Amino acid sequence: AYLMERRDQEALSELKTLVENAQETVVQRLLGLTPGLAQDPDAALSCYRAQVFTEAYGSTADKKYLRTAISDYESLIRKMPNNIHMLNNLAYLLADNDVQLSAALTYAKKALDLAPRNSVIMDTYGFVLYKNGHTAEALKHLSVAIDRFQQANQEVPFLVYEHAALAW
């Protein structure tokens with residue numbers, strides 16, 4: 001609620017209290033954070049803000065929420081340039097909203113270079129390739145993502161099939 005009301009300092013204070021009083025894994029589960037982020041309350045707040053504003057944009061289509069989410073992810077990537085989750089999230093956010101598509105491709109490629117066996121990142125890379133007009137290459141990567149989910153005995157998310165259908 002604090003973030004939606006732009007009461008960042010109160011949100012940061014609450015988050016710092018949570019981090020100080022809880023084990024890292026509990027904080028990660030509560031906030032959906034990547035490992036290590038719970039040790040940096042400012043970065044954790046930026047991550048949480050980015051997630052909240054991404055959802056707010058999805059619910060309202062208000063571009064100020066999209067701009068804020070993008071800005072928060074960019075800030076996180078400056079702090080953690082090799083964080084595959086932040087790179088992947090920003091790449092997908094940009095591509096899904098048809099903004100900064102060349103930057104989205106750069107972020108997605110870097111995430112894939114850092115985690116070439118990650119099915120989710122492979123899906124994002126394929127989707128971003130599609131959005132950049134590279135449909136044949138996109139389909140190849142999306143097919144690999146589907147195969148990897150199946151090989152790992154994981155359910156293939158519907159969105160991955162949707163991305164492959166778009167590239168088809």
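Annotations for the structure displayed:
- Scanning the stretch 71-90 turns up no residue that is part of a helix (DSSP H, G or I), open to solvent by 20 Å² or more (accessible area, probe 1.4 Å), of a type in the set (Phe, Trp, Tyr) and in contact (Cβ under 8 Å) with a residue 12 or more places away in the chain.
- Among residues of the stretch 93-121 that are farther than 17 Å from Ala50 by Cβ, those with a Cβ under 6 angstrom from a residue that is part of a loop (DSSP other than H, G, I, E, B) and open to solvent by less than 70 Å² (accessible area, probe 1.4 Å), sequence gap 6+ or separate chain, pair up as Leu101/Asn132; Leu105/Asn132; Ile121/Ala115.
- Among residues of the stretch 114-142, those that are exposed (fewer than 15 other Cβ atoms within 10 Å of the Cβ), small (Gly, Ala, Ser) and in a helix (DSSP H, G or I), counted: 1
- Selection status of Asp62, acidic (Asp, Glu), modelled with pLDDT of 85 or more and either farther than 26 Å from Val156 by Cβ or open to solvent by less than 30 Å² (accessible area, probe 1.4 Å) (or both): yes
The values are calculated or read from the model by the stated rules, or taken from the named source; none is laboratory data. Predicted model only: the values in this text are computed from it and were never measured. Please note: Cβ atoms are built from the backbone with ideal geometry, for glycine as well, and neighbour counts cover all protein chains shown. Each accessible area value is taken on the protein alone, full model and side chains, heavy atoms only, with ligands, DNA and RNA left out. Shrake-Rupley method; radii C 1.70, N 1.55, O 1.52, S 1.80 Å.
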